[in-house]
Amino acid sequence: MKRWLSGSLIIATVFVIVILAACTPKAAPATPTQAPTAPTTPASPTSNVSPPTSQDAAWDKVVEAAKKEGKINFYNWYFTEGRGGRVLEQAFEAKYGIELSAIQGRGAEFTERLKTEKRIGQMVADVVEGSSLHMENMRLAELLKPTIDMPVMKEKDVWHMVPNYHNKDAFYLNYQRMFLTMFMNTNLVKPGEEPKGLMDLLDPKWKGKLIISDPVVSEIASRFVLYTSQKRVPDDFPTRLGRQQLIFDPSTPGAALKLAQGNASIAILLATLDVSNLVAEGAPIRVLDIKEGTMVDALSMGAVNNGPHPNATKVFLNYILSPEGQKLMADKSLSYPVRKGITANVPPAMQLEPSNPLLIDPAAVEFVAKAFREKQMVSALKPN
């Protein structure tokens, strides 16, 4: 995939030296404030335009250096072509002229790939994308570097969720909010018969009709560890759920597709961003709230430590979090932006305000990331 940067000009400051003519000995000394000046147009009292600063000049240099680098290698999980990925590439390329070369994969795969690149001393990726859980594990493995010195990171009171909410040093930045919850196939489940919470899934009528992402390769088991640790469900819930003849898929988008195709009645703990595009295309799916707690998390991006194009990386991350980038993603990828003032363009069947939100805060991220590394509860959900 390609994306690039348009040129930005270095603003030259012109210094005008005004030499005052000598006055006669009897003339009163000239007052400095009375020196003649060029006519100016008064600024509007409501203007929000600030004069150029040294920070502006520094960022202009970053953009200029990014143009010279000319490329970003993006390890990308979410932005497939059908989710607005191509639109993102074209918009970024049109604005800056930097090529964005995207490689598709999953968070766990990217973690291992980056570890290999680090071990051989040849980093390929500049930017990597994943859930907060996978990004936290990348941070702990020293695969990411802080990216705090960008214009968007100086903005205040414009965020639903500040980009560095999960890690104040900005090793990874939240750029989309997402809910992890249940979904039902409306052709297979009648109105009023849908489960209201996780414990309802233990009803024998759902046996063989529930789909989840495979806990061997996904993070779903570690999410259930959080539910049990907070006593939202009993400790034996994952084991009892594992007896329901669960249907597995290696990925959450794959599980969403199987739900749409009627291979399952209920999908468990998929993210809204896994399902929104299918619903927009007419899939018979509706989002469900979880009474024990719908998870509120984020999709994140981070700058890879020792990536080959560090300046272009900064420009790309700044663009993703800018009003333009956030609106583009909200419109084309049907996502929930982290920036205020931008409407989430999601289908009616996907609109959700959790009644009992389970916020994945920094402590929860660390807890879930540890559970994932240790493969906790995997055998409970998938006993065979």
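The values are calculated or read from the model by the stated rules, or taken from the named source; none is laboratory data. Note that the structure is a prediction, hence the values are computed from the model and not measured. Note that we place each Cβ from the backbone using ideal geometry, even for glycine, and neighbour counts take in every protein chain shown.
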Where a residue in region 270-285 is touching a residue at least 24 places away in the same chain (Cβ under 8 Å) and its partner, wherever it lies, is of a type in the set (S, T, N, Q) and assigned to a strand (DSSP E or B), with Cβ under 6 Å and at least six apart = PRO284/ASN185
Matching residues in region 89-114 (within 23 Å of ASN164 (Cα to Cα) and not in a helix (DSSP H, G or I)) number 1
Working carefully through the options PHE179, PHE171, find the one that is in contact with a Pro (Cβ under 9 Å, 6 or more places away or on another chain) and over 26 Å from ALA66 (Cα atoms).
-> PHE179
Residue satisfying all of: in region 284-330; in a helix (DSSP H, G or I) and of a type in the set (D, E, K, R); nearest to the chain's Cα centre (by Cα) among these | LYS327
Which of the residues spanning region 281-319 are closer than 26 Å to PRO362 by Cβ, among the charged types (D, E, K, R) and in contact with an Asp or Glu (Cβ under 9 Å, 6 or more places away or on another chain)?
-> ASP289, LYS291, LYS314
In region 250-262, which residue that is modelled with pLDDT of 95 or more and buried (at least 22 other Cβ atoms within 10 Å of the Cβ) is farthest from the chain's Cα centre (by Cα)?
-> LEU259
Taking region 278-331 and the residues there that are among the basic types (Lys, Arg) and not assigned by TED's automatic domain parsing to the domain that holds VAL128, the one that is surrounded by the most Cβ atoms within 10 Å (Cβ to Cβ) would be ARG286
Of the residues in region 332-364 that are among the small types (Gly, Ala, Ser) and in a loop (DSSP other than H, G, I, E, B), the one that is nearest to SER300 (Cα to Cα) is SER335
Cβ pairs under 7 Å, 6+ apart or interchain, first in region 117-131 and farther than 11 Å from GLY307 by Cβ, second of a type in the set (Phe, Trp, Tyr), ordered by first then second residue, are GLU129/TYR75; GLU129/TRP77; GLU129/TYR78; GLY130/TRP77; GLY130/PHE110
Filter result for the condition that a residue is modelled with pLDDT under 95 and touching a helix residue (DSSP H, G or I) at 6+ places or on another chain (Cβ under 8 Å), over GLN326, GLN351, GLN244 | GLN326
Here are VAL189, VAL127: which of them is of a type in the set (Val, Ile, Thr) and under 18 Å from the mean Cα position of the chain (by Cα)?
-> VAL127
Does SER265 fit the bill of being under 17 Å from ILE290 (Cβ atoms) and surrounded by fewer than 24 Cβ atoms within 10 Å (Cβ to Cβ)?
-> yes
